[in-house]
Number of protein chains: 2
Amino acid sequence: MRFDPATLSYNSDGLVPVIAQEAETGEVLMLAWMNAEAVARTLATDRVTYWSRSRQAFWIKGETSGHVQHLVEMRVDCDRDALLVLVRQEGPACHTNRRVCFYTAVRDGDELELMAPD
Amino acid sequence: MRFDPATLSYNSDGLVPVIAQEAETGEVLMLAWMNAEAVARTLATDRVTYWSRSRQAFWIKGETSGHVQHLVEMRVDCDRDALLVLVRQEGPACHTNRRVCFYTAVRDGDELELMAPD
């Protein structure tokens with residue numbers, strides 16, 4: 001069956017949450033959002049393109065930072081309301097210059113920072 | 001620093017998206033949602049507890065199916081508006097009886113089912 005971005009279930013803002021995972025290591029890098037056009041552009045270009053909710057604009061990951069996400073494979077979940085993108089990440093994925101955005105762990109009720117900026 | 005669920009950034013429905021990842025294998029299992037109370041209950045019980053948007057009720061994962069998610073570690077992202085839970089999953093994570101919810105790949109513009117129900 002052909003994949004059509006219009007068949008996904010978007011929220012009231014027309015967005016779907018997207019998990020980016022490093023294809024090689026399995027590390028979860030970040031969570032961001034796409035609209036239907038961002039899904040189409042990501043597939044057409046193999047460069048992961050989100051919708052920036054703060055800037056209200058397309059966000060080609062790495063366009064300014066150089067920290068590009070090359071699409072390896074896109075996956076759709078059972079309810080068609082979430083995406084997983086397997087990527088090859090250049091440089092740190094997080095805007096704080098850390099490898100991943102999920103660098104804070106909760107251990108015994110305390111927050112613990114697991115990694116420093118690169 | 002003590003972790004306080006109230007310091008997370010929730011959406012207008014009071015929810016935050018949560019990625020569940022198998023701690024052992026790194027496989028991304030599913031994406032679901034928690035409110036502040038679900039975050040607190042998950043940490044207090046070490047059993048992953050979501051907020052079901054369809055049922056508008058707490059959803060202790062596996063309570064009816066037996067497919068429990070045991071919390072290994074909770075992680076918070078840089079913007080405090082997404083969570084990653086590393087879990088030990090009993091049985092399939094997906095309600096379709098597949099190991100993971102992200103079982104549909106997009107390859108060359110076509111949808112391809114990667115795994116059958118258990």
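The values are calculated or read from the model by the stated rules, or taken from the named source; none is laboratory data. Predicted model only: the values in this text are computed from it and were never measured. Note that we place each Cβ from the backbone using ideal geometry, even for glycine, and neighbour counts take in every protein chain shown. Ligands, DNA and RNA are stripped out before the accessible areas are found, and what is left, the full protein with its side chains, is counted by its heavy atoms. Shrake-Rupley method; radii C 1.70, N 1.55, O 1.52, S 1.80 Å.
Results, tabulated for the structure shown:
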{"item": "Positions from the range A:7-34 whose accessible area shrinks by 40 Å² or more when the full protein complex is built, not the chain alone, probe 1.4 Å", "result": "A:Ile19, A:Val28, A:Leu31"}
{"item": "Degrees between helix B:36-45 axis and first principal axis of chain B (Cα, 0 to 90, nearest 10)", "result": "80"}
{"item": "Exposure rule at most 13 other beta-carbon atoms within 10 Å, DSSP loop GluC sites (Glu not before Pro): chain A longest free segment", "result": "A:64-118"}
{"item": "Space enclosed by the convex hull of the alpha-carbon atoms of chain B, per residue, Å³", "result": "134"}
{"item": "Heavy-atom accessible surface of the protein assembly as shown: percent carbon and sulfur, 1.4 Å", "result": "46"}
{"item": "Charge dipole (debye, nearest 20) of the protein assembly as shown; +1 at Cβ of Lys and Arg, -1 at Cβ of Asp and Glu", "result": "320"}
{"item": "Projected label distance in nm at A:Asp108 and B:His67, using a 7 Å step from Cα toward the beta-carbon", "result": "3.5"}
{"item": "Dipole axis of the protein assembly as shown (+1 Lys, Arg; -1 Asp, Glu on Cβ), positive-most option in B:Asn97, B:Gly26, A:Asn35", "result": "A:Asn35"}
{"item": "Residues of chain A: accessible area per residue with a 1.4 Å probe, Å²", "result": "47"}
{"item": "Value of Rg to Rh for the range B:1-64 (Rh from inverse mean 1/r over Cα pairs, i.e. Kirkwood)", "result": "0.97"}
{"item": "Residues along the range A:39-84 losing 50 Å² or more of accessible surface when the other protein chains are present rather than the chain by itself (probe 1.4 Å)", "result": "A:Glu73, A:Arg75, A:Val76, A:Cys78"}
{"item": "Compactness relative to 2.2 N^0.38 Å, alpha carbon Rg of the protein assembly as shown", "result": "0.96"}
{"item": "Accessible area that becomes buried as B packs against A, both chains, 1.4 Å probe, Å², nearest 100", "result": "3300"}
